[in-house]
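This report concerns only the one structure given below.
The values are calculated or read from the model by the stated rules, or taken from the named source; none is laboratory data. Computed from a predicted model, the values in this text were never measured in an experiment. Here the Cβ is made from the backbone with ideal geometry for all residues, glycine too, and neighbour counts use every protein chain on show.
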Amino acid sequence: MSPKFSLQNVLDVRHEKVELLEIDLGKLLMLKQKTQDVLESLEAYQAQLIEQLNEAQTGEIDLVKLKLLFLNSQQIGRDIEAVKLQLKKQLHEVEEKRAELVRAKQSEETLQILKRKRREVYEAEQVQLEMQALDDIYIARYFHSQRHGA
């Protein structure tokens with residue numbers, strides 16, 4: 001049985017931190033995807049408004065309808081800019097969280113390597129002790145057989 005790793009508590013805390021960061025990153029990615037969906041739907045709606053605006057300018061012109069379509073198109077344009085700004089901020093947050101996750105995983109991996117190396121050293125020491133014990137047994141048998149055989 002290998003000895004308890006002295007930094008196991010630290011390793012556990014770092015592992016939990018990695019798990020929490022992965023969850024946070026997943027949430028941020030979902031939020032970013034929802035924002036992208038909103039942006040796509042706003043852009044599609046804006047394209048529809050522009051098409052309606054073009055159609056309203058042909059044939060008999062209804063100035064009230066034209067003005068309403070134009071104002072709606074302007075508002076959607078402002079909404080699109082706001083969503084693009086929000087998306088840019090979310091992309092920055094995702095990249096920051098991703099970098100934080102990479103650092104946390106590297107930190108956890110460092111302790112995993114220390115733990116593995118400590119276990120390897122322990123196992124090598126155990127093999128050495130077993131070899132010494134076998135040598136002692138063989139030597140004791142040899143002297144025992146020499147004493148009783150001679």
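Quick notes on this one:
- The single condition from (1) touching a helix residue (DSSP H, G or I) at 6+ places or on another chain (Cβ under 6 Å); (2) free of Cβ contacts under 8 Å to residues at least 12 places away in the same chain; (3) acidic (Asp, Glu) that Glu108 fails is (2).
- Filtering the stretch 54-73 to residues that are within 23 Å of Ser41 (Cα to Cα) and either touching a helix residue (DSSP H, G or I) at 6+ places or on another chain (Cβ under 7 Å) or surrounded by 12 or more Cβ atoms within 10 Å (Cβ to Cβ) (or both) leaves Ala56, Lys65, Leu66, Leu68, Leu69, Phe70, Asn72, Ser73.
- Residues located in the stretch 123-150, provided they are among the charged types (D, E, K, R) and either outside any helix (DSSP H, G or I) or surrounded by 10 or more Cβ atoms within 10 Å (Cβ to Cβ) (or both): Glu123, Glu125, Glu130, Asp135, Asp136, Arg141
- Residues that are more than 30 Å from Lys4 (Cβ to Cβ), surrounded by 11 or more Cβ atoms within 10 Å (Cβ to Cβ), modelled with pLDDT of 90 or more and not acidic (Asp, Glu) are absent from the stretch 105-122.
- Set Gln48, Gln33, Gln52: member being polar (S, T, N, Q) and either within 25 Å of the chain's Cα centre (by Cα) or more than 25 Å from Glu81 (Cα to Cα) (or both): Gln33
Here is a yes/no grid of residues against (1) part of a helix (DSSP H, G or I); (2) basic (Lys, Arg); (3) free of Cβ contacts under 8 Å to residues at least 24 places away in the same chain; (4) farther than 20 Å from Ser73 by Cα:
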| site | (1), (2), (3), (4) |
| --- | --- |
| Lys4 | no, yes, yes, yes |
| Asp12 | yes, no, yes, yes |
| His15 | yes, no, no, yes |
| Ile23 | yes, no, yes, yes |
| Leu31 | yes, no, no, yes |
| Asp37 | yes, no, yes, no |
| Ala47 | yes, no, yes, no |
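- Taking every residue in the stretch 59-83 that is aromatic (Phe, Trp, Tyr) and pairing it with any residue that is surrounded by 12 or more Cβ atoms within 10 Å (Cβ to Cβ) and at pLDDT below 90, at least 6 positions away or on another chain, the pairs with Cβ-Cβ distances below 7 Å are Phe70/Leu53.
- Being assigned to a helix (DSSP H, G or I) and under 17 Å from the mean Cα position of the chain (by Cα) is a condition met by at least one residue of the stretch 84-91.
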